[in-house]
Amino acid sequence: MTTEKTRPNIVLVITDQQRFDTIAAQGHPHMVTPNLDRLVREGVSFSRMFVTAPSCAPSRASLFTGLYPHQTGVLRNEQPWRWSWVESLAEAGYRCVNVGKMHTYPWEHPFGFHERHVVENKDRAHVNVPYFLDNWDMALYARGFEKPSRKTWARRADYRERLGAFAWELPADLHPDNFVGDLACHWLDIYPGREPFFLEIGLPGPHPPYDPTEDALALYEDRDLPEPIFERADIDAQPQVLKDLRREHTEDDHDAVVHLFDPTPEQMRRQRQHYFANVTMIDAQVGASTTTATVRSGPCTSRAFACPPWCGAVISSPVRSTPSAPGWTSAPRSWRWRASCRRTGCRRARSCRCWRAAARGAPASSPSTRAT
């Protein structure tokens with residue numbers, strides 16, 4: 001019988017818009033990722049893992065339900081979630097905690113978590129994004145700083161030439177990735193409970209704007225970086241809907257990125273340099289959080305997972321494929337999660353008629369808001 005001592009603690013680290021080709025140990029030597037490399041060497045690395053949707057909330061809803069977007073009903077950001085398997089972990093006796101980004105909606109609804117310390121997108125200064133004051137917003141306010149956003153970056157004379165690439169200008173500990181990582185380590189340091197825990201650490205980067213600290217940026221100053229794969233004939237052959245989307249992205253600075261139809265090689269290298277440097281910052285937080293979890297709590301299941309990148313123009317293989325590097329995984333078989341259907345109380349996974357109906361896209365009875 002499973003006991004408290006045999007159930008492992010679980011740390012799930014989710015990054016946002018991290019490409020699969022950003023981990024050195026997976027064959028990409030231009031990257032500086034010693035901690036992710038260690039997870040790859042000591043754990044399992046999936047080289048053919050694809051997301052269900054090239055957009056944040058639909059992809060995350062699939063991850064936390066085991067269902068496709070047409071089954072969850074989450075087809076874009078800010079659409080309500082109905083359930084997540086975190087509820088099952090909580091009912092099984094786990095202390096479930098979210099630190100950082102989950103991109104659920106409503107943003108602070110429990111969805112099975114006992115604690116939620118939410119940090120959402122870096123830049124929400126847009127008329128189409130609902131107002132929300134998260135933990136990072138409050139920390140910036142308490143320290144007396146204006147939150148960086150497209151409104152503040154736009155004050156720069158070169159704003160429309162940077163492709164969203166800016167060096168972080170505030171104290172390093174207030175960078176959103178450092179803030180979330182440090183807060184997660186703080187939680188691990190002070191957690192007094194004896195029950196096993198599930199800790200989701202949602203790092204906001206390397207989602208744009210691409211805003212690494214100067215020390216991280218310096219690591220890529222003279223590195224041999226891969227160039228973008230770009231063929232004008234491929235762009236010209238795109239369907240009209242994608243051409244319209246490209247034009248829309250040049251007219252609206254989503255996430256503080258002003259896209260250009262014909263950026264120079266220097267502009268593209270600068271953008272990639274900032275992006276890769278942000279990944280290296282995240283790598284440091286992955287190392288700190290997993291080390292803290294092991295020192296404080298003993299061996300735990302660690303998994304680094306990337307939410308899908310979204311280039312806004314072409315959904316190519318490097319975009320849809322995401323890095324996933326689980327660490328030590330020895331949870332007893334009885335605690336391995338199985339997909340539940342959407343009928344309240346049903347936990348028979350694929351053998352259930354309700355699950356098969358949902359898989360076919362048929363209406364499921366009583367969408368579950370609580371797992372039993």
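The values are calculated or read from the model by the stated rules, or taken from the named source; none is laboratory data. Predicted model, so just to flag it, every value in this text is computed and none were measured. Every residue, glycine as well, gets a Cβ built from its backbone with ideal geometry; the counts of neighbours run over all protein chains shown. These accessible areas exclude ligands, DNA and RNA; they are computed on the full protein's heavy atoms, side chains included. Shrake-Rupley method; radii C 1.70, N 1.55, O 1.52, S 1.80 Å.
Looking across the stretch 188-199, just one residue is of a type in the set (A, V, I, L, M) and open to solvent by 10 Å² or more (accessible area, probe 1.4 Å), and that is Ile190.
Every residue in the stretch 268-285 that is more than 12 Å from Pro228 (Cβ to Cβ) and aliphatic (A, V, I, L, M), please. Ala277, Val279, Met281, Ile282, Ala284, listed by residue number.
Of the residues Val40, Val97, the single one that is closer than 26 Å to Phe20 by Cα and out of contact with any Lys or Arg (no Cβ under 7 Å at 6 or more places or on another chain) is Val40.
The requirement of being assigned to a loop (DSSP other than H, G, I, E, B), among the acidic types (Asp, Glu) and touching a Phe, Trp or Tyr at 6+ places or on another chain (Cβ under 8 Å) is not satisfied by Glu221.
Only one of the numbered conditions (1) at pLDDT below 95; (2) within 23 Å of the chain's Cα centre (by Cα); (3) closer than 22 Å to Val99 by Cβ is not met by Asp253, and that is (3).
If you go through the stretch 235-256 and keep only what is out of contact with any helix residue (DSSP H, G or I) (no Cβ under 6 Å at 6 or more places or on another chain) and open to solvent by less than 70 Å² (accessible area, probe 1.4 Å), you end up with Ile235, Gln238, Leu242, Asp244, Leu245, Arg246, Glu248, His249, Thr250, Asp252, His254, Asp255. Taking first residues from the stretch 71-91 that are without any contact (Cβ under 8 Å) to a residue 60 or more places away in the chain and partners that are open to solvent by 30 Å² or more (accessible area, probe 1.4 Å) and of a type in the set (Gly, Ala, Ser), the Cβ contacts under 9 Å between residues at least 6 apart in sequence or on separate chains come to Leu75/Ser55; Arg76/Ser55; Asn77/Ser55; Gln79/Gly73; Pro80/Gly73; Trp81/Gly73. For the stretch 26-51, a residue qualifies if it is at pLDDT 95 or above and in contact with a helix residue (DSSP H, G or I) (Cβ under 8 Å, 6 or more places away or on another chain), and the qualifying residues are His30, Met31, Val32, Thr33, Pro34. Within the stretch 52-64, being crowded, with 21+ Cβ neighbours inside 10 Å and not hydrophobic (A, V, I, L, M, F, W, C) holds for Pro58, Ser59, Arg60.
Test Gly202 against the criterion of being touching a strand residue (DSSP E or B) at 6+ places or on another chain (Cβ under 9 Å), surrounded by fewer than 17 Cβ atoms within 10 Å (Cβ to Cβ) and either of a type in the set (S, T, N, Q) or under 30 Å from Arg7 (Cα atoms) (or both), and give yes or no. I'd like the intermediate steps shown before the answer.
Numbers: touching a strand residue (DSSP E or B) at 6+ places or on another chain (Cβ under 9 Å): yes; surrounded by fewer than 17 Cβ atoms within 10 Å (Cβ to Cβ): no; either of a type in the set (S, T, N, Q) or under 30 Å from Arg7 (Cα atoms) (or both): yes.
Judged against the criteria, Gly202 is not a match.
When the residues of the stretch 103-157 are filtered to those that are more than 19 Å from Asp173 (Cα to Cα) and acidic (Asp, Glu), which remaining residue is nearest to the chain's Cα centre (by Cα)? Residue satisfying both the conditions and the ranking: Glu108.
Could we say that Val97 is open to solvent by less than 10 Å² (accessible area, probe 1.4 Å), outside any helix (DSSP H, G or I), under 19 Å from Arg60 (Cα atoms) and among the hydrophobic types (A, V, I, L, M, F, W, C) here? Before you say what the answer is, go through the steps one by one.
Numbers: open to solvent by less than 10 Å² (accessible area, probe 1.4 Å): yes; outside any helix (DSSP H, G or I): yes; under 19 Å from Arg60 (Cα atoms): yes; among the hydrophobic types (A, V, I, L, M, F, W, C): yes.
It is true that Val97 is open to solvent by less than 10 Å² (accessible area, probe 1.4 Å), outside any helix (DSSP H, G or I), under 19 Å from Arg60 (Cα atoms) and among the hydrophobic types (A, V, I, L, M, F, W, C).
If you take the residues in the stretch 132-167 that are within 21 Å of Ile201 (Cα to Cα) and not in a helix (DSSP H, G or I), which one is least open to solvent (accessible area, probe 1.4 Å)? Full working, then the answer.
Of the residues in the stretch 132-167, the ones within 21 Å of Ile201 (Cα to Cα) are 132-140.
The next check asks that each one be not in a helix (DSSP H, G or I); those that pass are 132-134.
On the way: Phe132: 29, Leu133: 86, Asp134: 1 Å².
The selected residue is Asp134.
Being modelled with pLDDT of 95 or more, surrounded by fewer than 24 Cβ atoms within 10 Å (Cβ to Cβ) and in a helix (DSSP H, G or I) is the requirement here; does Leu170 meet it?
On the way: modelled with pLDDT of 95 or more: yes; surrounded by fewer than 24 Cβ atoms within 10 Å (Cβ to Cβ): yes; in a helix (DSSP H, G or I): no.
Criteria not met by Leu170.
Those residues that are acidic (Asp, Glu) and in contact with an Asp or Glu (Cβ under 9 Å, 6 or more places away or on another chain), I need them from the stretch 178-208; list them, please. Step through it out loud before you land on a result.
Taking the stretch 178-208 and keeping what is acidic (Asp, Glu), we get 182, 189, 195, 200.
Within the stretch 178-208, Asp182, Glu195 qualify.
Filtered by the rule that a residue be closer than 13 Å to Glu78 by Cβ and at pLDDT 95 or above, the stretch 107-139 gives a lone residue, His109. Count of the stretch 30-65 residues, restricted to those that are in a loop (DSSP other than H, G, I, E, B) and within 16 Å of Met102 (Cβ to Cβ), is 5. When the residues of the stretch 118-129 are narrowed to those that are open to solvent by less than 50 Å² (accessible area, probe 1.4 Å) and of a type outside the set (A, V, I, L, M), which ends up farthest from Phe179 (Cα to Cα)? So the residue we want is His126. Among the residues making up the stretch 16-50, those that are aliphatic (A, V, I, L, M) and open to solvent by less than 30 Å² (accessible area, probe 1.4 Å) are Ile23, Ala24, Met31, Leu36, Leu39, Val40.
Among the numbered criteria (1) buried (at least 23 other Cβ atoms within 10 Å of the Cβ); (2) part of a loop (DSSP other than H, G, I, E, B), which single criterion is violated by Ala216? Unmet for Ala216, out of (1) buried (at least 23 other Cβ atoms within 10 Å of the Cβ); (2) part of a loop (DSSP other than H, G, I, E, B): (2). Here Leu183 meets each of (1) aliphatic (A, V, I, L, M); (2) open to solvent by 10 Å² or more (accessible area, probe 1.4 Å); (3) out of contact with any strand residue (DSSP E or B) (no Cβ under 7 Å at 6 or more places or on another chain) with one exception, condition (3).
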